[in-house]
1. Can you list residues whose amide H is under 5 Å from Leu254's amide H, if they're 5+ apart or on another chain and H is modeled 1.01 Å from N?
2. When N is the residue count of the range 60-247, what does its C-alpha Rg come to as a fraction of 2.2 N^0.38 Å?
3. Which residues' amide hydrogens lie under 5 Å from the amide hydrogen of Glu293, considering only partners 5 or more residues apart or on another chain, with H built in the peptide plane?
4. Output the peptides 44-55, 100-111 sorted from most to least packed, where packing is the average of other Cβ atoms within 10 Å over each peptide's residues.
5. Give the order of Tyr192, Tyr80 when sorted by the count of other beta carbons within 10 angstrom, beginning with the fewest.
6. For the chain, give me every cysteine whose Cβ has no other Cys Cβ within less than 4.7 Å, ordered by residue number.
7. If packing is taken as the average count of other Cβ atoms within 10 Å, what order do 65-74, 309-318 fall into, highest mean first?
8. Work out from phi, with θ = phi - 60° and the Karplus expression 6.51 cos²θ - 1.76 cosθ + 1.60, the ³J(HN,Hα) of each residue of the range 114-122, listed in order in whole Hz, and give x for Gly and Pro.
Amino acid sequence: MKLKDSLSELLGNPPRRIPKNEVPVEVFELHGKKKNDKERIAAIHAELAELKEKKPPKVWRRRRWATLIFVNLLFVISYYFDVQLVEGALTASRVVGFHMADLNSALQVMLAFKHVVINLVIGTTTVFIFWWLLGGRTFCSWVCPYHLVAEWAEMLHEKLAAKGIVKDHPFDRRARTWFWVIFAVLAFVTGYTVFEFISPTGILSRALIYGPGLALLWVALLLLFEIFYSRRAWCRYACPIGLTYGFVGAVSPLKVEYHLESCFHEGECRKVCLVPHVLNTVIKGRAQGMHVELGADCTRCGRCVETCPTGSLTYKFKGLGDLL
Ligand code: SF4
Ligand code: SF4
């Protein structure tokens, strides 16, 4: 996917439909062949029915949850046992003596203080390189504590939706870009990092380390809103951290890659994805090539990778080929 299209999608614009004259001939030919492969289509439907029945283990989800819990527990254990391995919280910390800072928080602090804080520059540089390598939004699904509880809330939402008790109410995705701008301006004008007061990421991280506080009520309200009104609303339409990390990882070497040849467009991946617009390419007739790297808003959570019945989505580290 072109960087320009990827960033435009990240900012909330709808995915670009490429004109027919830009679609490679081999892609056209492949669609024709697939239409007539009735046997393969029937096999995929049978496989899907079997998967629904058997419910195979979600390998990537297990790995992800284990990593997320481990990282957050490191802060907790370090604080309680004073081992000074990891000090601080996710927003700003010292890891074995190295300053680390969440990129969005660092930006907010510098805007509020109106000068460049040297420790933050050191911290953000280390973190920037790390998240650039892994793809910025990997932070969301592999580290952010709110992601974990929101995923549980999402499971509940899905169950209630299947019974017809709740319905998802999507918002305009451009709202997240506006929130990003509003919080940046607020920090600059007020001199306070206003976003940090309401960020469920920071609230949960601090609550885990220093103990619960009233701010957890705000997190509970957000979760209730997501369960009963709008699926994954905070991460999809509001959180500026997700947008910041999306930019950081826009040209990351780690991507999820789509392979048109084996895909039969049944769309299971889009149903499980937090940001289904990045999987626009899997819709029949939308792919721009035989292999398409997903855009910057992808959190590299691996849910599509483990859900796709035809193995058409894989992790890829540039230079190392398909990882899985
Ligand atoms: S979008 Fe924000 S709250 Fe959601 S997972 Fe990413 S950092 Fe956490
Ligand atoms: S495209 Fe796949 S890896 Fe990326 S966020 Fe969606 S489900 Fe996760």
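Only the coordinates and a few stated rules stand behind these numbers; no lab work does. In this text, all values refer to a predicted model and were calculated from it rather than measured experimentally. Glycine gets a Cβ as well: all are built from the backbone with ideal geometry, and neighbour counts include every protein chain shown.
1. For Leu254, whose amide H was placed from the backbone, the distant partners under 5 Å are Gly135, Lys318.
2. On the way: Rg = 16.8 Å, N = 188, 2.2 N^0.38 = 16.1 Å.
Output field value: 1.04.
3. Tyr258
4. Values: 44-55: 11.4, 100-111: 23.2.
The most tightly packed comes first, giving 100-111, 44-55.
5. On the way: Tyr192 12, Tyr80 9.
Placing the least packed residue first, the sequence is Tyr80, Tyr192.
6. Cysteines of the chain left without a disulfide-compatible partner: Cys140, Cys144, Cys235, Cys239, Cys263, Cys273, Cys298, Cys301, Cys308.
7. Working: 65-74: 14.4, 309-318: 17.7.
The most tightly packed comes first, giving 309-318, 65-74.
8. With coefficients 6.51, -1.76 and 1.60, one gets 6, 8, 7, 8, 4, 4, 5, 5, 4 Hz.
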